[in-house]
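Heads up, the thing below is written out as structure tokens.
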Amino acid sequence: MVQKKQKKTINTNRQAHRDFHIDRTYEAGLELLGNEVKSLRDGGANLKGSFARVENGELFLYNMHINPYKYSREECDPLRRRKLLLHKAEIKQLVVKSSQQGYTLVPLKIYFKRSYAKIEIGLARGKRQYDKRVALKEKQAKREITRTLRLRNK
């Protein structure tokens, strides 16, 4: 019997889809301390305002907040930069694409795959204000259509 790869989602960055067009996504491993892993298992992470950057051929994540583990005596900075683990070829692709005007690397969600902490990174372009308005109008129109269909079927 084939087992599925289990994913336990810890946190998603909902604002990323609102503010950016996501062109491509990558799955990266996270280099974490023991207390940070325990805190993630408790669900203590926040991706809002975080971003990734390539430095010296390595990928780092900034401003991701991981709550300190409540049963630990060790103290670590909750906003420290964390190294992301990707293949060299993928990092080279990200260097080329993210150096173009208007592109950035945005974390989309953090989850556990098997027993490893993973993060989904998106190569994103920023939305303009009118793009956000159009997306909101489309969302409201879809909501109205489903509402009327639901009332019609009753």
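Each reported figure results from applying straightforward, stated rules to the coordinates on display, with no laboratory input. Quick caveat, the model's predicted, so the values are computed rather than measured. FYI the Cβ positions are ideal-geometry reconstructions off the backbone, even for glycines, and counts take in every protein chain you see.
What's the magnitude of the charge dipole for the chain around its Cα centre, counting Lys and Arg as +1 and Asp and Glu as -1 at the beta-carbon? Answer in Debye, nearest 20. So the dipole magnitude of the chain works out to roughly 1060 debye. Put simply, when 63-73, 29-39, 93-103 are sorted by average Cβ atoms within 10 angstrom per residue, most first, you get 29-39, 63-73, 93-103. Extension gain for the segment ARG147 to ASP23, taken as residue separation times 0.36 nm less the Cα-Cα distance, is 41.6 nm to one decimal. Bridgeable lysines around LYS8 (alpha carbons under 23 Å apart, same-chain partners fewer than 8 residues away excluded): LYS38, LYS48, LYS70, LYS83, LYS109, LYS113, LYS118. Put a dot 7 Å past the Cα of VAL96, heading toward its Cβ, do the same for GLN6, and the two dots end up 3.9 nm apart. Count Lys and Arg as plus one, Asp and Glu as minus one, and take only other residues whose Cβ is under 13 Å from that of THR104; the net charge is then +3.
The Cβ shell under 12 Å around LYS132 holds other residues with a net charge of +3, Lys and Arg each +1, Asp and Glu each -1. As a calculated quantity, the FRET efficiency between LYS38 and TYR130 at R0 = 35 Å, using C-beta atoms, amounts to about 0.20. Annotation for region 123-154 versus region 53-75: alpha-carbon center distance of 35 Å. Projecting the Cα atoms of ILE119, GLY57, VAL96 onto the charge dipole of the chain, computed from C-beta unit charges around the Cα centre, puts ILE119 farthest toward the positive end.
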